[in-house]
Each structure stands twice: as C-alpha cells, then as structure tokens.
Amino acid sequence: MTFIADPITFITHWLTQLMGGWGWSATLIQVLLNILGSGILVLGAMVFTTVLIWAERKLGARFQDRPGPNRVGPWGIFQTIADMLKIFTKEYITPVGADKIPYNLAPALAVAAVLCVWAVLPFSSTVFGTNIGIGLLFIIGVGGLGEIAIILAGFGSNNKYALLGAFRAVAQLVSYEVPMVIVLLIPVMLSGSMGMNDIVAAQSVPFIVLAPIAGVIFFITLIAENGRAPFDLVEADSELVAGYNIEYSGLKFGFFFVADFLHAFTSALIFSTVFLGGWQGPGVENAPILGFVYLLIKTLVVYFIMLTLRFSLPRFRIDQMMNLNWKILTPLALFAFMVTALVNKLLPAGNNLIRIGGLLAVNLLLWFITNWALSRFITNQPRPVVSGARPVAIGEKKTVVKEETSA
Amino acid sequence: MSAQQFFFIVTAFVILFSAMMTVLSHKMMHSALWFVLALLGVAVIYALLEASFFAVVQVLVYVGAIAILIIFSVMLTRKAMEDTGSPVNKTWVLSLVIVLLTTVGGFLAFRTWGALKAFPADLLPVHYDIGELGLALVDPERFALPFEVTSILLLAALVGAIYIAFGRKEDNQ
C-alpha cells in the first residue's frame, strides 16, 4: 500500500501503528481515528461549501449574462469568505414571541441532516464513513430530519409567512419522497443490496444505462427535495417573502444557506453514487485515489446540469408541481419498477449484452409510451382559460398644446 | 459500566423524560415536538441493539412521516397553537397510583428473572441480511399471514381517510 495510490489508508495505518507504539488500546485508537475521520469529513464538507457558493454565484451570473462576484480576489474567488466574515459580525435577532428552543435548534438540525448523508457515501473503494447494510434507506431516513428542521423553523419563528413557507416546503418534500423511494428500489433490485458500497461495486455498467427512467425520475425528485428552481416554490419571494427562514439573521440564516448549498452538492453526490457508478472507472483497482477523482468529476458534471436547470427554467405553480409528482412521476416510477423487476428476472443474470440491451430497450419503450400518452393528453385537453384576453393597451397620441409650451 | 450501558441509560432517560413532557406540555405543539424526540430515542435504542434496519425505518416512518402528519394536524387545528389549558384532568391521582402499582409490581416480578440480567448475544452476520427479513415476511410458514393482515388494516385506514376527506354529495348541492 503506497502513499500515492491510497493516501488515506496509508495515513490511517501509520497513525494506528504510531498510537499502538505508545501503548494505547486498540479500541481507543479506533474510537479516536473515527472521531478524527468524521471531524475531517465534516470540516471538509463545510469548507468545500464556501467554494461551491462562489462557483454557483459565478456560474449563475454567467448564465444570466452578468459578471457575478468579481471584487474580492481574482475572479472574486474570496467573495464567500468576505460574506462569511460579514455574517459572523451580524446581530442575532430573535422575534418577539418566538419559541426559543425550536427556533435555535432548527438551523443546526438543517445542516446536520445534510451532513449525516456523508457518513454512508463511499468516496473511493477504501475511503468511506461507514458501510452499513442499509445505506440507501439511511439517506432517505435522515431526509426526515431535514423536514423536522423546517417545521421547527416555521413554528418557532412566530410568523405567519414562515409557517406558510414551512407548510409548503414540507408538503413538497413529503410528496416527492414517494416517487424517489419507489425509484430507488430499482438500483437496490439490480445490485441486490441496500449498502452503498455494494451498489457502487455492482455498477461495472452504470445503472443509468440499465434504468434510465429511474435515473431521470430520481434526478427530478432530487432537485425537488432541494427546493431549487424550478421547484423553488418555498422561496417564491413574491408570495411568501422568503419561506421558513425569514426571521433568521446572522449566522443562523447562514446555517440555512450552507444547508441549502451543501444539500444541492450532496444530491449530486448521491446521484453519481447510485446511478453513475460512484468511484468506478478505469484503473481504480490499482490506485483507489483515482476513484475519488472519478467521483468528483461525475458529481461536478451532475451539479453543473442542476445549475443549468436552476438558472434557465421558470418556477412551477404549486398545482403544476403537485400534478407532475402525483400524476406523472409516481405512476411512471411504479411502471418502471414493475417492468424492470419482470425483465430483470426473465433475462439471464450477469452483466451480459442481452440483459443490458433488454433493460435499456424496455426503458426506452416505456419512455416513448409515456411521451406519446402525455402529448395526446395535452393536445386533447387544451389549457383552461381562466379569464379572457386582456385588451391591448394602445397608447393615445396626444397633441402638444401649443399655448402652454410657448407661454 | 460499558459504553453501551452508558448510552442505553442516557437514551432511556431521554425517552422517559420526553414521553412525560409529551403528556404534560401545556402547548399541543410542544407535545408533538417532545413526541418526535421520544421516537428518535427509540431509534437510538434500536441502533444500540444492532437492529440498524429498524432504527432507520423508525426514523423514516415515524419521524419522517407520522410525526410530520401529527404536527401538520396540530398546526391546522383551530386555536391549537394558543391552547394553554392544564394538560391534566381530575383523574390524575388515580392514574398515578395505578402507574406506580404497575411499575413496582413489574419490578418485583421481573427482579428474579435471569434473562433480564443477561447481555444480548452478538448477532451473526446472517442477522444483518435484510433479505432474510424479506423472505420471512412472505414465507407462509412464518409471517406471511400477519403481514397480509397488517395490509388489510392499512387498507381500512385508507378507506376511512378517503371517506372523511370525500365531501358528501348532499353537502355539495
């Protein structure tokens, strides 16, 4: 095991031997290393978020044809650090009548719920937080903590708009969990395990090839779970001020901000782990560090697509958002699940061309049928017109009064 | 005292305290939040027993779905947010006596039961396999019947919910 090929394992071995040399017990060393590892992971995630915020603002600015942050450092790269310093010095304002404990607990819980996901994600074949047998279920489960955080924020703030924003956010999150969970059964079925390491190890052919419909539905639900455009109804500032976090100031608001950006990146990470093969790539058997690079590249590509959607699509109306979920995504997810289960059992096991081609063909067929049914539905049911066309405003031509101008 | 015992005692006290606060809180919303804490505590107990599947399902189903449903219904109930009445009614003395008697009786009865003092045996790798659980649930020799009966219960709940939510025809006219 060389340092270049697998630095983390190398350092772990070195530390274990070093502390063993001091005569410490093996359990104590293990506990200390676990604490150290989780500390580094969490700190790394948080520090990485500062870069993410800059990148997202810069890219968003480019999409919208403006320069973006460009004052602090080259290309404005230190803008986030300046913002952090500013947010540290801001005053904490607690609204009158706020429920102190839920109000203060909510921001921390929001960040914690996102960071919990990082515990089960494998970053390379040798570097992962923990390999529990139910990793995928764990990821969905800790999402529930994020919902509780939103409810705590909405209730604790003692503000009607915060409460309404929390209602909307949680209704959206709970609804989109349904197709998400159904669709996640497909990778579980194809890999035969719910552990994240096993799911990645099973993807010598990425699952996006075997189950493209599942991949697309999962991608859409991930964006919806983030509450980002086009699903940013929570932040519909024209109607709801800014959602459940309006009463927060200073670092507490910063927590929600960090949770949002970290959640977006974590979603991309989950997607590339579950559907794009995670750390799989050429040469990872000899040098596990390459797996980390592959995962990062895949994640950044997915993240970039998410940003593209965020900055180019308009916001859904709430009924459109619910219709998309319950009338299209959920039935499609159920059909895809049943069809995949059937075909997967009928075709010979293993990664042969027949199985891959069969699953791909069935998915494409289902896709075309859905597309055909939806287009027929749209052509047969024209959009209901709520009110008649507005009269076009025609500017009246006014004659200049000669007497006034001359006088 | 091992680390496992320490965590168990701390978690048990948190669960008991939050369960009591669920009943004793003046605001209904606070009760619901204490209830969430109690449910999370039960998930920790599952994790201590190495039943990781149940720990995660506890969080997913109870905290992620049922607790949120309860909080929603509490928030949407009229004046529930400002309800500050006394949370106990007149029979609290009687209830306290019954609870005390049951607790003391249970303590005395179980004190001599050796199985309580034994530590649980370490689980075999086969017990971590979720596939075993799935097979057991659909095996007619084992749990297929209870599993299906449970689904009938859920169906009944679903029908009831639709009946309540579905406006009566005569009301609409």
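The values are calculated or read from the model by the stated rules, or taken from the named source; none is laboratory data. These figures come from a predicted structure and were not determined experimentally. Quick reminder, even Gly has a Cβ in these numbers, built from the backbone with ideal geometry, and neighbours come from all protein chains shown. SASA here: full protein model, heavy atoms, side chains in, ligands and nucleic acids out. Shrake-Rupley method; radii C 1.70, N 1.55, O 1.52, S 1.80 Å.
Quick look at the values:
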{"quantity": "Cα gyration tensor shape for segment A:1-110, rounded if a/c is under 1.5, else prolate or oblate", "calculated": "oblate"}
{"quantity": "Long-range amide H partners of A:F128 with built H, under 5 Å", "calculated": "A:F123"}
{"quantity": "Among A:V31, A:V343, A:V178, residue whose mean-square fluctuation peaks in a GNM of chain A (springs only between Cα atoms under 10 Å)", "calculated": "A:V31"}
{"quantity": "Value of relative contact order over segment B:1-82, rounded to a whole percent, pairs C-alpha under 8 Å and six or more apart", "calculated": "29"}
{"quantity": "Candidates per chymotrypsin sites (Phe, Trp or Tyr not before Pro) in segment A:1-90, loop by DSSP, up to 12 other Cβ within 10 Å", "calculated": "A:F3, A:W22"}
{"quantity": "Alpha-carbon Rg/Rh ratio, for segment A:90-376, with Rh computed the Kirkwood way", "calculated": "1.00"}
{"quantity": "Segment A:175-253: radius of gyration over Cα atoms, expressed as a fraction of 2.2 N^0.38 Å", "calculated": "1.49"}
{"quantity": "Selection of chymotrypsin sites (Phe, Trp or Tyr not before Pro), segment B:37-68, meeting DSSP coil and at most 11 other Cβ within 10 Å", "calculated": "none"}
{"quantity": "Overall dimensions of the protein assembly as shown by Cα: Rg and Dmax, Å", "calculated": "27.8, 113"}
{"quantity": "Per-residue [θ]222 nm for chain A (sum of -39500 (n - 2.57) over DSSP H runs n ≥ 4, rounded to 500)", "calculated": "-22000 deg cm²/dmol"}
{"quantity": "Candidate residues A:R168, A:R390, A:R315: accessible-area rank, largest first, probe 1.4 Å", "calculated": "A:R390, A:R315, A:R168"}
{"quantity": "Surface accessible to a 1.4 Å probe, B:D129 within the full protein complex, Å²", "calculated": "80"}
{"quantity": "Most fluctuating residue given options A:S375, A:S124, A:S272, as computed from a GNM of chain A linking Cα atoms under 10 Å", "calculated": "A:S375"}
{"quantity": "Helical mean residue ellipticity (222 nm; -39500 (n - 2.57) per DSSP H run of 4+; nearest 500) of chain B", "calculated": "-21500 deg cm²/dmol"}
{"quantity": "Probe 1.4 Å, all protein chains present, accessible-area order of B:R142, A:R383, largest first", "calculated": "A:R383, B:R142"}
{"quantity": "Area of A:F231 that stays accessible when all protein chains are in place (1.4 Å probe, Å², to 10)", "calculated": "10"}
{"quantity": "Accessible area that becomes buried as B packs against A, both chains, 1.4 Å probe, Å², nearest 100", "calculated": "1800"}
{"quantity": "With all protein chains modelled, accessible area of A:S193 [1.4 Å, Å²]", "calculated": "20"}
{"quantity": "Value of relative contact order over chain A, rounded to a whole percent, pairs C-alpha under 8 Å and six or more apart", "calculated": "19"}
{"quantity": "Percent carbon-and-sulfur accessible area, the protein assembly as shown, ignoring ligands, DNA and RNA, probe 1.4 Å", "calculated": "71"}
{"quantity": "The protein assembly as shown - accessible surface per residue (Å², probe 1.4 Å)", "calculated": "60"}
{"quantity": "B:K90, A:K90, A:K298, ranked by accessible area, largest first (probe 1.4 Å)", "calculated": "B:K90, A:K90, A:K298"}
{"quantity": "Most fluctuating residue given options A:I77, A:I150, A:I29, as computed from a GNM of chain A linking Cα atoms under 10 Å", "calculated": "A:I29"}
